[in-house]
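We did not get these values from a lab; they are worked out from the coordinates using the rules stated. This one's a predicted model, so the numbers in the text were calculated from it and none came from an experiment. Methodologically, a virtual Cβ is constructed for each residue, glycine included, from the backbone with ideal geometry; neighbour enumeration extends over all protein chains shown.
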């Protein structure tokens with residue numbers, strides 16, 4: 001043997017030794033049908049996983065269910081196969097023992113063939129553990145992705161996922177808000193997920209899905225990782241445009257000065273809307289299961305003074321009802337739909353007109369858009385067809401217009417509004433989920449600020465509008481209003 005041949009042999013010898021040990025292990029396992037099945041399962045799962053990995057690398061993976069197959073189902077099948085292999089080997093040994101051969105393998109490390117077998121066992125065990133660790137990491141990463149949360153249970157989660165993609169938090173992963181940091185909430189969420197998967201599997205989930213108000217992590221551990229409510233934000237000018245349901249779609253401009261406020265114990269003051277979130281103030285309340293009606297409010301200020309307010313007209317004592325949640329107020333009590341918000345038809349069409357998606361020159365377009373949006377339809381395809389038919393008929397027969405392009409764009413925009421906010425298959429319609437920011441469409445602020453929550457001393461929770469904002473102007477179609485405001 002030449003010197004170069006000896007060098008090649010030294011490099012190749014460990015591989016041949018491993019191969020010999022591997023052949024022995026496979027041979028032992030496949031002597032019994034169980035082991036043979038296990039070996040085939042292992043080989044199948046490895047080959048299929050490699051195939052799916054190549055699809056992902058080449059950019060062909062577009063279906064969210066392939067992620068479940070690659071990172072959850074195949075590793076589970078692989079583990080089953082790995083377990084069956086030693087079972088088959090043990091059963092084969094027992095059969096050999098009945099024939100008079102030894103039951104347990106002899107391990108004599110002085111003999112090369114036994115060292116090869118032990119090396120093969122150790123290497124294969126290491127590779128299996130490494131593969132399971134990598135697969136487990138990808139499985140956790142995949143289960144934390146927005147595609148997994150929104151698309152796997154497509155029919156169930158599509159309303160929330162659609163709203164999420166159109167929200168200010170569209171670039172924030174679902175788990176950052178719904179789970180947050182820490183292993184305990186991660187485990188809790190996955191256990192809750194198993195219950196939800198079971199509900200989807202046996203078709204017992206609610207339609208519409210109820211807001212999980214009791215199961216959300218406190219906002220101080222999620223929202224406030226990025227936001228800082230006690231920071232003084234001062235006052236802000238908000239300009240809101242709306243359109244009347246008349247022929248000219250008359251524009252109405254409302255200018256508010258929002259007293260956003262803030263403050264903290266360190267700053268020594270607290271004011272504005274975010275006064276509620278000042279950490280020096282402790283606000284508790286007792287409400288119904290949806291938190292839409294608040295029965296009792298308790299306030300403890302930074303001086304330690306405590307005041308309790310009870311809603312008038314109740315025929316029960318909220319504090320004596322253990323079934324009612326007693327909650328410490330946080331961001332989510334007002335910002336209850338920060339990511340999964342659904343518009344109402346009036347505000348949605350106002351925004352579309354302001355954005356230029358719907359031409360204000362079309363007669364009665366605001367009125368007609370709201371009419372077709374709020375119609376009764378069997379399902380979404382029927383709704384989209386009827387919206388198209390009704391709007392075209394109106395601008396062909398009732399108010400004929402020459403600009404066909406404007407009608408075309410209006411139809412597309414109104415259909416998009418319906419698709420974004422209404423999901424008949426999940427019984428999600430206009431106003432299904434209340435938004436507690438402001439008080440234009442839902443009680444929201446007036447759940448407490450209604451002058452009906454009274455303390456034993458006769459003090460009420462004020463309904464004075466100027467506690468939170470001041471109306472600066474309400475005018476029709478007046479661009480000069482901004483100039484005057486800036487001059488002031």
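Here are the numbers for this structure:
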{"item": "Neighbour-count order for 125, 292, fewest beta carbons within 10 angstrom listed first", "result": "125, 292"}
{"item": "Order of 257, 157 under a 10 Å beta carbon neighbour criterion, fewest first", "result": "257, 157"}
{"item": "Modelled FRET efficiency - R0 25 Å, residue 465 with residue 244, Cβ distances, 0.05 increments", "result": "0.65"}
{"item": "FRET efficiency, residue 58 to residue 134 (Cβ-Cβ, R0 25 Å, nearest 0.05)", "result": "0.85"}
{"item": "P(r) tail fraction, segment 345-426 - alpha-carbon pairs more than 22 Å apart, %", "result": "18 percent"}
{"item": "Global geometry of segment 146-205, whether rounded, prolate or oblate, following the gyration tensor of its Cα atoms and the 1.5 cut on a/c", "result": "oblate"}
{"item": "Stretch gain in nm, segment residue 176-residue 412, where the contour uses 0.36 nm per residue and the Cα spacing is subtracted", "result": "81.5 nm"}
{"item": "Additional length obtainable on full extension of the chain from residue 73 to residue 167, 0.36 nm per residue less Cα span", "result": "30.6 nm"}
{"item": "Cβ-Cβ FRET estimate between residue 454 and residue 402, R0 fixed at 60 Å, reported to 0.05", "result": "0.45"}
{"item": "Near-label residues of segment 445-475 by backbone N, under 17 Å of a point 7 Å along Cα→Cβ of residue 312", "result": "446-464"}
{"item": "Percent RCO, i.e. relative contact order, over segment 394-476, from Cα pairs under 8 Å lying at least 6 residues apart", "result": "11 percent"}
{"item": "Fewest-first sequence of 144, 235, 184 by Cβ atoms within 10 Å of each Cβ", "result": "184, 235, 144"}
